[in-house]
Structures are given as C-alpha cells and as structure tokens.
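Report on the structure given below.
Just so you know, all these numbers are worked out from the coordinates, no wet-lab data involved. All of these numbers come straight from a predicted model, not from anything done at the bench. Positions of Cβ are generated from backbone atoms using ideal geometry, with glycine treated the same way; all protein chains shown enter the neighbour counts.
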Amino acid sequence: MRVILFVVLSLFLAPRSQAQDVAQCLDLSLYCIQLLPTQDYNGAEGHVEMVRPSSPFGLTVTREGRQRYRLMVDIAGLPEIDPAEGHFVLWASPLTLDPVINLGEVQNGSFEVGEISFNKFMLVVSLEPDLDSDRRTGPLVLRGRSPSSRMEPHDMFQLSAFSESASAHDGMMHHEADVEEWPHPAMHPRIDMMPYMMDLSPSVNPWSPDAADYLPLAKPRSLQTLVDGDSLELRAHFVRKRLAGRDLTMLGYNGEIPGPLIDVPKEASITVTFVNDTPFESSIHWHGLRHDNRFDGVPGLTQDPVPPGGTFVYTVHFPDPGIYWYHPHHREDIQQDLGLYGNMLVRSPDMLPDVSHEEVLVFDDLTLAPSGNVPYGKEEANYTLMGRFGNVLLVNGEQRLDLKAKTGEPVRWFLTNVANTRTMNLSVDGVAMKVVASDLSAFERETWVENVPIAPAERYIVDLTFSEPGAYVLVNHVQALNHSTGVFFPERDTLAVITVDGPSMEAWRPEANDRPDVSEDIDPFRSWINETPTHEIELFLRATGLSTVVDWVLKVDQAYFHPVEWAGTMPMMNWSASGRETEWVIREPSTGKENMDIEWRFDLGSTAKIRIHNLRDSMHGMQHPIHLHGQRFLVVAYNGRPTDNLVWKDTVLIPAGMNADIVVEFTNPGAWMMHCHIAEHLEAGMMSSFLVE
C-alpha cells in the first residue's frame, strides 16, 4: 500500500516540482508571458521572455511599426511523449487567430523559438502528430497572452460618470479664474473624446506668437562651410512661414528653418556669436559635442541665460566626426518647436568613405489647429504628460520634401529627429538602407535594415541606392494606439518624394562592412559589459492636482504601457496637463535624491556603468530618450540582454518598462546635464547634472 501511495504521489507531484524551476513573470510585466496549463496537463508551466532582437537601434519594430520580439521560452512539467505519438508545438497568432504561425517543437528546458511582431497575440502549446503542420489540430497543453492583450476598452459603466459636461462636476476642473481662455488643440481624426474631456483646460495662461504680415518669410537652410578659426553669427528672430495653407509666425536662426548647416572638418574650432532677438531668455546648446564646458549652452549651469536683445560668444570645437545639431536649452518646448534648430556636419576621411550624393534630413512636427499655432503654456510648459505631438510632420521645415537621385548612385542620408516628442519610424517603400553610424561614431558592423526608428535628439547615417527609375516615398509608418478602445491602428505619413532618373540597374546591396577601427576604439571598455552597475537611476511620473477623469484614465491605462507612444491620441488630457500638475522624475534609488538634487561626481578619465530603469509602475509609462551632455557612452544591454553591435552614443531611447545599461567614458571636465529629450518632460523637471573633475 505504501509503495502504491508513493508511486501515485510521485506521479502527481513530479510535474509540479519541475514547474517550480520556471521563472515567474513580475506583476503586469510588459516583456513576459506566463504560459498556464490546461486541466489535462496540470503541473506543466512555461515562461516566455519577450527580448529585443539584434538591432542597431534602441527600438526594434517592423517597417509598419509593429513591435518585434525574440521569444525566449522556459518550460517544465511536460510529460514524456514518444515521438511516434506526437510532439509539443508552440503556436503564435494575433487575437483574431489569423494568421497562425508554427514556431516549432518545444520541450522541457530553455530555448529560443523565433521572432514575432503582432500588436496583440497569444501563444499556445499543443500536442500534434506532425511537427510541420500549418494549423493546430491536437489538444491544448499551455496557453498565454501578450501583455498588450490586457489593454481592453475602458469600462463604459465607469466612464458614464464622466459623460456630462465638466460644469456638472464640482472640483473636477483645474482651470483657474484668472487663466485666459485657451483655443482647443486639434483633435486626432480617428479618436472620439468623452464630453467631459472637451471641458478640460490648462491651469496656465496661453502664449502664442502674434501674427505679423511684415515679418520676413523664412528662408531654406543655407550651407556654411567653415574651417578652423572661422566665425559665424547666428541670430534668432521671428519669421513668417507658410504651412498647411496658412501663414504662421515662427522662429529661425538667420531667418532660416532649419538654421544654417555648419559643415566643418574634425578638430576644427570656430567662433559663433549668438544674437537673441526673441522675447525669451535663450542660449545655444551644441548637442553631442565633447567640447569646452563653458560653451555647452545650459543656462544656470554653464552660462547665464542670454536675455532678449543680448549676445553670447561661443567657441565651438568639433572633436568627433558625425552629424550633430544645435538648439536652445531654455523653454525649448517653445523655441525649438517654433524652428530654432540646425545641424552640424563634422567630416573626417576615416569616418565614412565618400559618396557622390548626400542629403541632410531634419525631421520635426508642429501642432496646428484651425485657429493657427496651438498656444504654449506661458508660465509653465503644458502637454507635460506625453509631450507635444505635432499633427503636421516636417522635413527640413517643409511638409513634403522633393529629393532627386540617379539609378545606381550611392546616396547618403544624415538623419536627425528634432521633434519635441515624436519618435519616428522611417522607411522607403521597396528600398533597404544600410545603417553605418549613429550619434558619435560609426557602428562596429554596418547593418542592412528595412526601417529606421529614431527618437528625439538621435541621429543616424544611412546609405541607400535606387536600382529602378521612378518616384519613391519616404514615410513615417507607425502603429498608433486608441487608449479608450484598446485598439492599435496604422498611421502612415509621406515625408518626402524621391524622383529617380536613369536606366534600370542591378540592385546594389554590397556586404555590410565590419569596422575594426571602431571595435579597437571600443575594446578597452568591453570589460565593463558584465560588471555590476556603479550607478543607478529610475525614471517615473509624479502627478498631483489632475482632474478626476484624467487621474482615473491614467490609472486604468496602467494595465499596459506600449514600449513607445507613436502618436498623440490623447490630445485633451495631454494638452491640459502642465508642470503645475506633473513632475517627471529622475531618482537615485540608493539615496532617494531626485533630479537636480542628485550629486554625481566622476574623475576625469574614468569610466562608469549606469543602469537606467524606466519604471513599469509609473503613473504614466512612456519612452524616454535620455541625453548626456559632453560625454560619450556605449549602450551595452537592454533588460540585462547584451547588445551585439556597439556604437558611441549621446542619447539612448529607453522604452516603457525597460532598463538600459550604458558605459560612459568621462573625458570632459565640468558640470554637465543629463535629461530626457522630450522637451515637455525636461520642462517638467526630468533633468539632473553631474560633475567631472
């Protein structure tokens, strides 16, 4: 009897003891799926980690903007099955169950099964007689759903409490009596707002530039080819620009949008006299340059702000080849958004081989309503929840750019994203691009890609060619998100049309080159990849005083945060939030210090490994492009998984709920900024500083 009882208990308990070895997903994890057993296979269990695929980018999406994941599976407790009787097969499908993808055989243990890119999906394991079947016929064994499938339509019963006008609800608006009336922002054409939302309003006063017919028309960008010792004046002032069928008052450097393209050789130093003919205090930050701290352009840290009518003389040094940009570092949510930005192209023959055709492309967006410019917060920035998404996309200051190329001609594009908030996903229909460099260097290994996801402040250099004549389009193709209905939908905007002339030619796709010179430069820092981080910070939102419905919706949305918000699909609640209600926080968990109270000191010539946690349990999770001034760093891991193609960066995009490890080389003495490059997050406090001495 004891033997029989022992055997029965062993059979019952063995699968459970095996299953205990399977990792458990953290609560509401954004990158993990728990596989649960059906009744007939009680005791089996699985864990699926959704891993970032190998990519030159911080964000990995398809050409259409769907998130890409490698699936790392850990399973235990499956019974032993004779191969003649069947095989355990893992299947993936969207929630519509079409298509269904056979990811192959699974067994007890840990292994990688492939890559998928559905917006919402389910995984099931079934017992199948045939490994190569294209549809499931056998019994279910394990099943699980993607974290995105937790995103469901908001409960209409609860939302009915907010169906009336806000005037029916005491204390539910944060519009103050002394605040001027705001014109409404433009609504998203595919999103219906609740009536209550339409009565929200920012708690700060609106500011917008006056319309002025006498202002000069904005000019296209000029080319300023300079050498060591040359000088340049950059004057910021109002201009008039025609966009979306109307004349708008904007800002330009020397009357140009974008500002002049500064083309210089590596190691050159130039003198730039900045003249501030705007109504704002201002400065110029030379984004990405490792140069003299005195000229970094950060008011209150490296210089006094330049008052209206004032001047400041910068000495700008260019130690690293690549594509860089300049912009204000004071109320950049207004000044940069209205047109104060420009590029610096630093050339070196050892950086990239010459090509016959180059284009420097600057991507931006602008928020327009029927009344014209959507005003900005006067006392504080508004749009501080998600940042200011524009509804008019721009390339080199134009809604649609006309480019030309010849068949078979190697073309190089220098790409910069200067938008306040919008991460873009760039592609050319039918054409692959070779990614050769990013912020401060070439990649260790060039990579052929179908699309380039690029966050605010990031730069990429890509080579491409056209084998057939005709018209091609450069597009931003993303998956937008309707938070109220829990539905993804595509957005596709044409940014440029490329007219290609010449005879048809064989498609040009040489092997992507390795760059041993870049690898050699990086080699001294590889030992840091597996080291414990020396410093850690956390990123999150603290909000108080939001309206009742906004607070409620944000809490409901905590069920799922998409890695990246691609579009402004919550215009009213985002527009109505200002720095008075929201604070974006960088916190050092070891000390509890936040933002500008963090005290980091590094020895000149030292190296540190910093782990940046974009907290999952933030009130509103968003991606954050984190920028370090004056230094360069390597992004060596995401969620603990090492990257395999390194490049020197100054800005890293960290998706919602993810963490990133960066190895920083401290080569520049002085006090430097570290901040989120979503302009409204910066204005709402998401910044700190560090000292190198």
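Worth a mention:
- The convex hull defined by the C-alpha atoms of the range 276-382 has an orientation-averaged projected area of 9.0 nm².
- Protection proxy ranking for 261-267, 564-570, using the average of other Cβ atoms within 10 Å per residue and placing the highest first: 564-570, 261-267.
- Placing unit charges on each Cβ (+1 for Lys and Arg, -1 for Asp and Glu) gives the chain a dipole about its Cα centre, and among Met572, His627, Leu401 the Cα reaching farthest toward its positive end belongs to Met572.
- For the range 325-447, average projected area of the Cα convex hull in nm²: 9.9
- What the Cα atoms of the range 537-693 give is an Rg and a Dmax of 16.2, 51 Å.
- Extended-chain gain in nm, criterion 0.36 nm per residue less alpha-carbon gap, Thr273 and Glu64: 70.9 nm
- Its relative contact order, with pairs defined as Cα atoms under 8 Å and 6+ residues apart, puts the range 2-150 at 24 percent.
- Taking every alpha-carbon pair in the chain and binning the separations at 10 Å intervals from zero gives 3, 14, 24, 25, 19, 9, 4, 1, 0, 0, 0 percent.
- Listed from fewest to most Cβ neighbours within 10 Å, the set Asp74, Asp27, Asp277, Asp40 follows the order Asp27, Asp40, Asp277, Asp74.
- When each of Leu691, Leu232 is scored by the number of other beta-carbon atoms lying within 10 Å, the sequence from fewest to most is Leu691, Leu232.
- Around Asp597: net Lys/Arg minus Asp/Glu count, Cβ-Cβ under 11 Å: -1
- With the largest listed first and rounded to whole Å, the semi-axes of the equivalent ellipsoid of the range 2-150 from the Cα gyration tensor are 30, 18, 13.
- Across the range 240-353, C-alpha contacts under 8 Å between residues 6 or more apart give a mean separation that, scaled by the residue count, equals a relative contact order of 34 percent.
- Using R0 = 22 Å, the C-beta based FRET efficiency linking Ser110 and Leu615 works out to 0.20.
- Residue order for Asp429, Asp333, fewest other beta carbons within 10 angstrom first, comes to Asp429, Asp333.
- Unit charges at the beta carbon, dipole of the range 373-492: most positive-side option, Asn391, Leu440, Val462: Asn391
- Loop sites in the range 595-690: GluC sites (Glu not before Pro), DSSP, at most 14 other Cβ within 10 Å: Glu599
- Theoretical gain in end-to-end length, Arg246 to Arg150 [0.36 nm per residue, Cα-Cα removed]: 30.3 nm
- Against the empirical curve 2.2 N^0.38 Å, the C-alpha radius of gyration of the range 361-413 lands at a ratio of 1.65.
- If a spin label sat at a point 7 angstrom from the Cα of Met72 along the line to its beta carbon, the backbone N atoms of the range 23-57 nearer than 17 Å would be those of 23-26, 29-35, 46-55.
- Other residues whose C-beta falls under 11 angstrom from the C-beta of Pro260 contribute a net charge of 0, scoring Lys and Arg +1 and Asp and Glu -1.
- Put simply, when 78-88, 649-659 are sorted by average Cβ atoms within 10 angstrom per residue, most first, you get 649-659, 78-88.
- Span from the the range 240-278 Cα centroid across to the the range 470-517 one, whole angstrom: 28
- Computed from the Cβ-Cβ distance with R0 of 30 Å, the FRET efficiency linking Gln399 to Glu450 stands at 0.75.
- For Gln558 and Met596, a Förster radius of 22 Å and the Cβ-Cβ distance give a FRET efficiency of 0.20, rounded to the nearest 0.05.
- Fraction in percent of alpha-carbon pairs per bin - 5 Å, the range 46-106: 4, 13, 18, 22, 18, 13, 6, 4, 2
- Cα centroid of the range 578-629 to Cα centroid of the range 307-369, whole Å: 25
- Of interest is the spacing of the C-alpha centroids, which for the range 70-92 and the range 372-444 amounts to 44 Å.
- Within-13-Å neighbourhood charge of Ala471 [Cβ basis; K, R +1; D, E -1]: -2
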